[in-house]
Protein chains: 2
Amino acid sequence: MKKINEVIAEIGDLDSDLMGKAQERLDNLTKPQGSLGRLEELAKLIVGITRKESPTLKNKVIFTLAGDHGVTEEGVSAFPKEVTPQMVYNFLKGGAGINVLANYVGARVIVMDAGVAVDLEPHPDLVIKKINYGTKNITKGPAMTREEAIRSIEAGIEVFENEFKKGIDIVGTGDMGIGNTTPSSAIAAVFTGKSIETLTGKGAGVDDKGLKNKIEIIKRALEVNKPDPKDAIDVLSKIGGFEIGGLAGIILAAASRRIPVVIDGFISGAAALVAYHLEPKVKDYMLAGHCSVERGHKIILDHMGLKPILDLDLRLGEGTGAALSMSIIDAGVKIMTQMATFKSAGVSEKVKQ
Amino acid sequence: MKKINEVIAEIGDLDSDLMGKAQERLDNLTKPQGSLGRLEELAKLIVGITRKESPTLKNKVIFTLAGDHGVTEEGVSAFPKEVTPQMVYNFLKGGAGINVLANYVGARVIVMDAGVAVDLEPHPDLVIKKINYGTKNITKGPAMTREEAIRSIEAGIEVFENEFKKGIDIVGTGDMGIGNTTPSSAIAAVFTGKSIETLTGKGAGVDDKGLKNKIEIIKRALEVNKPDPKDAIDVLSKIGGFEIGGLAGIILAAASRRIPVVIDGFISGAAALVAYHLEPKVKDYMLAGHCSVERGHKIILDHMGLKPILDLDLRLGEGTGAALSMSIIDAGVKIMTQMATFKSAGVSEKVKQ
């Protein structure tokens, strides 16, 4: 827990002075004030986060963390659990959705094994920080020990710190883990206090019967484990996942280094909740990449006061929505740093009314 | 009118066979079916429009058309009309919002004088197709003659055709013209039948009093001119603008060449309405880049059955929203053409339920 506490202690406030300066600059660009809406908001936020007057978002990194879930025994997913390692290999070969979108927006993808149920072949682009061979079945007891929960967060911090040394300007979160919408819904229910029904969706594609079963399973998991909403580590350990803990660590570490962190979909949202309930300040460093189709994602974002950038009916995870929205965030920064001012362009300003 | 009719005659149907093949390919990619939502929809639409199984959107072009409006005499805009030519020079120097965003997404910007009130300095990147020195004040009579309306559309067709020869894969529409939300609201009212109040917003930033005045001015313009909603050329000539006519021409020409055309904000929406009421089929070739803050834009898009890609509180025009959304459309195409299939990646498919 020491490493986590040290990271949390480093999370400071946004730089409101520099954000004021950014607003002034934005207001002097050759456009009606505020007419580039969220692009302007995002640019200003990036200034506040990074403490740089003219930030650049050249080094984009997506962390895609994989983990397995014992609860798949209960038939909560439409896909077999072998798909988790198969998709990790797909990431490493560059054939997955996240590879295509990250490549398109100029981001590199760091793939981490946080707790896949089988040993993976070593690969130069694979970071292995396996906490355990998948979580335990949460309908029968805790997903992991408290110590494993802490280690999963620390593993995320470590993978971030390692990449930070190489240069990072903006980070996106991503996940892969068959069954992981189930613990994510459970986490969301504990932290937001909303009903499991409103927070549980069809994940990768169960049918109506499957959805009903999934809701029952989550109810049972909460009854059996009684996670304490005031203790985020308790919640993570009892009903979480290793990739969820790892992503929470990445989010905290990014905030401590003043690096903007783009939250992807539902699972990343659950990880963000864990980070937020460890240290609410971390929220200032988060940008919500998109609004997922998965029920409950909107509730998670509202709980933290985050407004999604994109709304494109995505529900894939992997970091795909985060990657795509990075191009919007970067566009906002470019508007702020590259547009001409009324003065420099010799354009008349608004008439006083 | 001959040129317009020839272009309209060339507008065919989408290729539904190829769209079916695209759907099949999308369904075999390593992701739950449909989980990339609108990215998949957009990719399939691009296949149907272009009739290419593996389209590429390398050559992106934004057409930004400028024109002045006699109705500015009535105090409908927060900016003086000199800003129209000043902004054209800003486009040519690369300092405007559209320059920054087009550059970011890899699009080239074609600037056209469709009817600026003053003569502009020649510039290698400026296409001069001035129909007249601004429109007439629409509270006192028609904006332009019927012949000028036809010529403005034909000018758009010509500028498109000229660029088409150099290679175009996707087109975006953009506008610049102080006062041009006023004719756009008037056009929207005539074609959609909705009230002027619901269709009129603050444009570049008039205050509440200014908005009230603007609504009165539009009402007067419709009373004085009585445009016939069944005759799109009549509507354009009586209450339109030269840049609006030009953009309608570009939209028709793009559809006739099977080039996807991304509609920007409110003024582009009004131009799209003119094109759509000349030939409803053109709608299949349009993509709505974003939903503008300007009241009425949503109503225009709904009228044509278009769903915006982005919703970022933009209200600048120039083609900025179109440029930005091109990167989303292109991302969809890249998903379709670059992702691995379940078979090629050796990933297990969904379990039969």
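The table for this structure:
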item	result
Tally of residues being over 26 Å from A:GLY106 (Cα atoms) and among the acidic types (Asp, Glu) across the stretch A:297-353	2
Breaking point among (1) of a type in the set (Asp, Glu); (2) out of contact with any helix residue (DSSP H, G or I) (no Cβ under 6 Å at 6 or more places or on another chain); (3) surrounded by fewer than 21 Cβ atoms within 10 Å (Cβ to Cβ), for A:ASP113	(3)
Conditions (1) touching a Ser or Thr at 6+ places or on another chain (Cβ under 6 Å); (2) surrounded by 22 or more Cβ atoms within 10 Å (Cβ to Cβ); (3) more than 13 Å from chain A (Cβ to nearest Cβ); (4) under 27 Å from B:GLY12 (Cα atoms): number failed by B:ARG258	(2)
Candidate set: the stretch A:329-353, residues that are assigned to a loop (DSSP other than H, G, I, E, B) and surrounded by 18 or more Cβ atoms within 10 Å (Cβ to Cβ); chosen: the one nearest to the other protein chains (Cβ to nearest Cβ)	A:ALA340
Residue count, the stretch A:138-167 (criterion: outside any helix (DSSP H, G or I) and surrounded by 19 or more Cβ atoms within 10 Å (Cβ to Cβ))	5
Considering residues of the stretch B:206-243 that are β-branched (Val, Ile, Thr) and surrounded by 21 or more Cβ atoms within 10 Å (Cβ to Cβ) only, the residue modelled with the lowest pLDDT	B:VAL206
Boolean, B:ALA114 is within 14 Å of chain A (Cβ to nearest Cβ), under 23 Å from B:PHE266 (Cβ atoms), touching a strand residue (DSSP E or B) at 6+ places or on another chain (Cβ under 9 Å) and of a type in the set (A, V, I, L, M)	no
Checking B:HIS69 against (1) more than 14 Å from every other protein chain (Cβ to nearest Cβ); (2) surrounded by fewer than 23 Cβ atoms within 10 Å (Cβ to Cβ), the condition it does not meet	(2)
Scope the stretch A:290-321; condition at the interface with another protein chain (Cβ under 10 Å from one of its Cβ atoms) and either at positive phi or in a strand (DSSP E or B) (or both); matching residues	A:HIS290, A:LEU310, A:ASP313, A:GLY317, A:GLU318
Positions within the stretch B:79-98 being touching a helix residue (DSSP H, G or I) at 6+ places or on another chain (Cβ under 8 Å), surrounded by 24 or more Cβ atoms within 10 Å (Cβ to Cβ) and more than 8 Å from chain A (Cβ to nearest Cβ), in sequence order	B:PHE91, B:ILE98
Test set (1) in contact with a Phe, Trp or Tyr (Cβ under 6 Å, 6 or more places away or on another chain); (2) surrounded by fewer than 22 Cβ atoms within 10 Å (Cβ to Cβ); (3) not aromatic (Phe, Trp, Tyr) - A:THR30 fails condition number	(2)
Matching residues, the stretch B:193-243, being in a loop (DSSP other than H, G, I, E, B), small (Gly, Ala, Ser) and within 14 Å of chain A (Cβ to nearest Cβ)	B:GLY201, B:GLY203, B:ALA204, B:GLY205
Exclusive hit being in the same structural domain as A:LYS81 (by TED's automatic domain parsing), surrounded by 24 or more Cβ atoms within 10 Å (Cβ to Cβ), out of contact with any Asp or Glu (no Cβ under 8 Å at 6 or more places or on another chain) and among the small types (Gly, Ala, Ser), set A:GLY246, A:GLY203	A:GLY246
Any hit, the stretch A:284-297, residues being surrounded by 18 or more Cβ atoms within 10 Å (Cβ to Cβ), under 19 Å from A:ILE168 (Cβ atoms) and among the aromatic types (Phe, Trp, Tyr)	yes
Output for the stretch A:152-174, where each listed residue is among the charged types (D, E, K, R) and in contact with a Phe, Trp or Tyr (Cβ under 9 Å, 6 or more places away or on another chain)	A:GLU163
Of residues in the stretch B:120-132 being touching a strand residue (DSSP E or B) at 6+ places or on another chain (Cβ under 7 Å) and either aromatic (Phe, Trp, Tyr) or assigned to a loop (DSSP other than H, G, I, E, B) (or both), the one farthest from B:ASN180 (Cα to Cα)	B:ASP125
Residue in the stretch B:126-133 that is in contact with a Gly (Cβ under 8 Å, 6 or more places away or on another chain) and aliphatic (A, V, I, L, M) present	yes
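The values are calculated or read from the model by the stated rules, or taken from the named source; none is laboratory data. This is a predicted model, so every value here is computed, not measured. Heads up, the Cβs are rebuilt from the backbone with ideal geometry, glycines too, and the neighbour counts pull from every protein chain shown.
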